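Quick notes on the structure that follows.
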Amino acid sequence: MSLKSSILKKSPWVFHLNTGSCNACDIEILDALTPYHDAERFGVKLVVSPRHADVILLTGPITVESLPKVINAIEAAPRPRIIVALGSCGSGGGIWHDTYSTIGGVNGLLKILKEKGIEVDAVYHVPGCPIRPEALLYAIALIKGIVSKKREMKIYKAE
Amino acid sequence: MSIKPVKLIVIAGKKGRVTVKYPFQEPIITPEFRGEVEIDPAKCIGCGACVRACPPNALELLESEKEIILRYFVGRCIFCWRCVDVCPVSAIKGTKNFELATDKFTDLYTLVVHTRATCELCGTPAETVRMRRYITEKVPISEEYITTCPTCRKKQFAEKIAMRKVGISELKK
């Protein structure tokens, strides 16, 4: 059974993991769960333990202080585990991409996880500063296969 | 104390449905909303003004021997639109696009590849071809010295001074 079909059959339960963010993306996650946007239409449920989660919503640029706890939380999530890196900080490091106290977003984390032998089945990047609740809904719909991917790598040749 | 269920149903009935059907309808966006920026490759001259202005270094200039590449990494962009303000040829335009979620990291890149011009005398790589054309249009007198690099320009100037003072070029010996 492929990853996509296994996720499609059940509801993606999400675990909200703050790794040192400014709380803007966190508020937008809560906004997406309110009756106005209502992410629960897609079966999304916010759970309190990573052991119950299918999807980990990762916000923040992953500070060095929070790194051991982040690794523990991701290790605790059962397979197949999906990480959704939210915001500019989560997906690319944001303004703090080269500071001494962060590891620069989810790409730095994936290298460390690979060294430790923790496998992650899929990583979704959701840019935005902060993300709109609609952007999060779009990402969830993308995971479930409701909408198609719009963004592609573009290479232009100018003379 | 607490609202009775019957009362609650009445309130909910008056309010009606509030949930938006977002992925199946157009998103509601305010006119002030700032989304991803779009680089027009037909206009861009590769000057690097946007690179200087960008707070999180989402725009970067990658220099190699023959090419200068302007790389836009939307995963790090904070959508401040400073690049839109500083661009001298208004090649960068702001859009309202926010549906950028991908499962592949490389999808977030936009590359604009520029060809590099070289110095006529020593052959070291200089600014882009477009940049040279833009400068010549703006400052016509620069046509005389634009094809040489600053080091060669200094040497030429020193030679000219030597010719005037001594009558013969000392640097050529």
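Here residue B:125 passes the criteria (1) in contact with a Ser or Thr (Cβ under 6 Å, 6 or more places away or on another chain); (2) in contact (Cβ under 8 Å) with a residue 60 or more places away in the chain; (3) within 14 Å of another protein chain (Cβ to nearest Cβ); (4) over 30 Å from residue A:92 (Cα atoms) except the one numbered (3). Residues that are under 23 Å from residue A:84 (Cα atoms), of a type in the set (A, V, I, L, M) and under 17 Å from the mean Cα position of the chain (by Cα) within segment B:77-136 comprise B:78, B:108, listed in sequence order. Could you please let me know if residue B:14 is loosely packed, with under 10 Cβ neighbours inside 10 Å and either of a type in the set (Lys, Arg) or away from chain A (no Cβ under 12 Å) (or both)? Spelling it out, residue B:14 is indeed loosely packed, with under 10 Cβ neighbours inside 10 Å and either of a type in the set (Lys, Arg) or away from chain A (no Cβ under 12 Å) (or both).
For segment B:72-95, state whether one or more residues are among the β-branched types (Val, Ile, Thr), within 7 Å of another protein chain (Cβ to nearest Cβ) and under 30 Å from residue B:133 (Cβ atoms).
As a first pass, look at segment B:72-95 and keep what is among the β-branched types (Val, Ile, Thr): B:74, B:78, B:84, B:86, B:89, B:92, B:95.
Filter once more, so that each one left must be within 7 Å of another protein chain (Cβ to nearest Cβ): B:74, B:78.
Narrowing further to those that are under 30 Å from residue B:133 (Cβ atoms): B:74.
The answer is yes, given that some residue of segment B:72-95 is among the β-branched types (Val, Ile, Thr), within 7 Å of another protein chain (Cβ to nearest Cβ) and under 30 Å from residue B:133 (Cβ atoms).
Is it true that some residue in segment A:42-52 is among the hydroxyl-bearing types (Ser, Thr, Tyr) and in contact with a helix residue (DSSP H, G or I) (Cβ under 6 Å, 6 or more places away or on another chain)? No: zero hits. Residue by residue through segment A:29-54, note down the ones that are under 13 Å from the mean Cα position of the chain (by Cα) and closer than 19 Å to residue A:128 by Cα. Within segment A:29-54, just A:29 meets the criteria. Tell me, please, whether a residue that is touching a Leu at 6+ places or on another chain (Cβ under 9 Å) and either over 23 Å from residue A:135 (Cα atoms) or of a type in the set (A, V, I, L, M, F, W, C) (or both) can be found in segment B:24-37. Within segment B:24-37 (the criterion being touching a Leu at 6+ places or on another chain (Cβ under 9 Å) and either over 23 Å from residue A:135 (Cα atoms) or of a type in the set (A, V, I, L, M, F, W, C) (or both)), the answer is yes, since at least one residue qualifies. For segment B:29-49, the set of residues classified as surrounded by 10 or more Cβ atoms within 10 Å (Cβ to Cβ) and among the β-branched types (Val, Ile, Thr) consists of B:29, B:37, B:39, B:45, listed by residue number.
For segment A:42-159, the helices (runs of 4 or more DSSP H) that sit wholly inside it and include 2 or more residues that are of a type outside the set (Lys, Arg) and within 11 Å of chain B (Cβ to nearest Cβ) are A:87-92, A:105-116, A:133-144.
Would you confirm whether or not segment B:74-97 contains a residue that is closer than 18 Å to residue B:50 by Cα, polar (S, T, N, Q) and modelled with pLDDT of 90 or more? Break it down into steps so the answer makes sense when it comes.
Initially, segment B:74-97 is screened for residues closer than 18 Å to residue B:50 by Cα, giving B:74-95.
Next, only the ones that are polar (S, T, N, Q) stay: B:90, B:95.
Pick out the ones that are also modelled with pLDDT of 90 or more and you get B:90, B:95.
Scanning segment B:74-97, I find at least one residue that is closer than 18 Å to residue B:50 by Cα, polar (S, T, N, Q) and modelled with pLDDT of 90 or more, so the answer is yes.
Residue pairs whose Cβ atoms lie under 9 Å apart, separated by 6 or more positions or on different chains, with the first residue in segment B:35-57 and without any contact (Cβ under 8 Å) to a residue 40 or more places away in the chain and at the interface with chain A (Cβ under 8 Å from one of its Cβ atoms) and the second acidic (Asp, Glu) and part of a loop (DSSP other than H, G, I, E, B), are B:57/A:98.
When A:144, A:111 are screened for being farther than 18 Å from residue A:65 by Cβ, exposed (fewer than 14 other Cβ atoms within 10 Å of the Cβ) and either out of contact with any Ser or Thr (no Cβ under 6 Å at 6 or more places or on another chain) or modelled with pLDDT of 90 or more (or both), only A:111 passes.
Which residues, counting only those in segment B:95-137, are within 17 Å of residue B:64 (Cβ to Cβ), of a type in the set (A, V, I, L, M) and in contact with a Leu (Cβ under 9 Å, 6 or more places away or on another chain)? Let's see the steps before the verdict.
In the first step, residues of segment B:95-137 are kept if they are within 17 Å of residue B:64 (Cβ to Cβ); the result is B:109, B:111-119, B:123-131.
Add one more test, that the residue is of a type in the set (A, V, I, L, M), and what stays is B:111-113, B:117, B:126, B:129, B:131.
Hits for segment B:95-137 are B:111, B:112, B:113.
The values are calculated or read from the model by the stated rules, or taken from the named source; none is laboratory data. Since we're looking at a predicted model, the values are computed, not measured. Note: ideal-geometry Cβ built from the backbone for every residue, glycine included; neighbour counts use all protein chains shown.
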